[in-house]
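The values are calculated or read from the model by the stated rules, or taken from the named source; none is laboratory data. Computed from a predicted model, the values in this text were never measured in an experiment. Here the Cβ positions follow ideal geometry from the backbone for every residue, glycine too, while neighbour counts run over all protein chains shown. What goes into the accessible areas is simple: the full protein's heavy atoms, side chains included, and nothing from ligands, DNA or RNA. Shrake-Rupley method; radii C 1.70, N 1.55, O 1.52, S 1.80 Å.
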Amino acid sequence: MHYVVGDVHGHVEHLVAALRNAKLLDSDRAWCGGQARLTVLGDCFDRGPDGIAVVDLVRRLQDQAGTAGGRVDALIGNHEILALGMNLFGDRLVSSDLGGRRSFARSWAVNGGQVHDQERLTDDHIAWLRGLDSVILAGPDLLLHADTTEYLRWGDTSEQINDAIREVLAGDDLERWWECWVRLTSRYAFAGFDGERVAEEMLDRLGGERIVHGHSFISTFTGQDPSQVTGPLSYAGGRALAIDGGIAGGGPCLVVRLDHEPETNQPHRR
Ligand SMILES: [Mn+2]
């Protein structure tokens, strides 16, 4: 079984409760999911109380699941870029910005940056975060943090995209880091009148039958208040699944099981 969760934004207790509810975590906060797979779709940091605790929990579960024959992965979200960019560049101005006012420090401050997270970010955290993938193809599901086609600017395959972003994050070129932050912050690529076509074109290039993403509150697609959200949202003709319940806005932490049982799976392709 493969589960996804995302956009925890420092709300580690919400994550613990949701993983327990999904029977992936026991009462001692240890992995009890056996051979199950869990992918964390990014945005562990900012807005909430303890982004570092979220990262530490994910990393511990990664070790424990590995030992149990399971698997835990995490994807880079725009807030990982923001937290690392703040750490690396602070208030250095982005020179490609002609207004000359942009910096990671400014964006961090207006996007829920937490001093507490910055103070406790270690070299070990930074090395782990810099090595994360941005795109994972898992069976029929293409897992992304953000609902954007901007990933395709880095390459034509998941491997190319992951390598290209890792290369940017391994370096210290502010302009290229800033480009990463901007691209991974865009959204709603699959929600327009032609969203199904846009999603299909992305799937044709990168593989998979369905895009699974976080980043944009489900409530902003449905017009609900985040507190009314109870599950993931399938849209774009079934080609996209939004899983961000909107914890940062008072919504639930959704741990979503990606069901693809052979006997119940309907063919998506014509
Ligand atoms: Mn995001």
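One table, with the values for the structure above:
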quantity	calculated
Filter result for the condition that a residue is open to solvent by less than 30 Å² (accessible area, probe 1.4 Å), within 16 Å of the ligand (Cβ to nearest atom) and in a loop (DSSP other than H, G, I, E, B), over Gly113, Gly85	Gly113
From Asp56, Asp73, Asp28, Asp7, residue being assigned to a loop (DSSP other than H, G, I, E, B) and closer than 26 Å to Arg166 by Cβ	Asp7
Residue, farthest from the ligand (Cβ to nearest atom), within the stretch 39-53, restricted to residues that are open to solvent by less than 50 Å² (accessible area, probe 1.4 Å) and assigned to a loop (DSSP other than H, G, I, E, B)	Asp50
Positions within the stretch 199-217 being in contact (Cβ under 8 Å) with a residue 60 or more places away in the chain, away from the ligand (no atom under 16 Å from the Cβ), open to solvent by 10 Å² or more (accessible area, probe 1.4 Å) and in contact with an Asp or Glu (Cβ under 7 Å, 6 or more places away or on another chain), in sequence order	Gly208, Arg210
Hits in the stretch 134-181 (condition: assigned to a helix (DSSP H, G or I), within 14 Å of the chain's Cα centre (by Cα) and either closer than 18 Å to Glu200 by Cβ or of a type in the set (Phe, Trp, Tyr) (or both))	Tyr151, Trp181
Criterion (open to solvent by less than 30 Å² (accessible area, probe 1.4 Å) and aliphatic (A, V, I, L, M)) met by exactly one of Leu137, Leu121	Leu121
Of the criteria (1) in contact with a Gly (Cβ under 9 Å, 6 or more places away or on another chain); (2) more than 16 Å from the ligand (Cβ to nearest atom), which one Leu184 fails	(2)
Selection from the stretch 1-17 of residues that are out of contact with any Gly (no Cβ under 9 Å at 6 or more places or on another chain) and more than 16 Å from the ligand (Cβ to nearest atom)	Glu13, Val16, Ala17
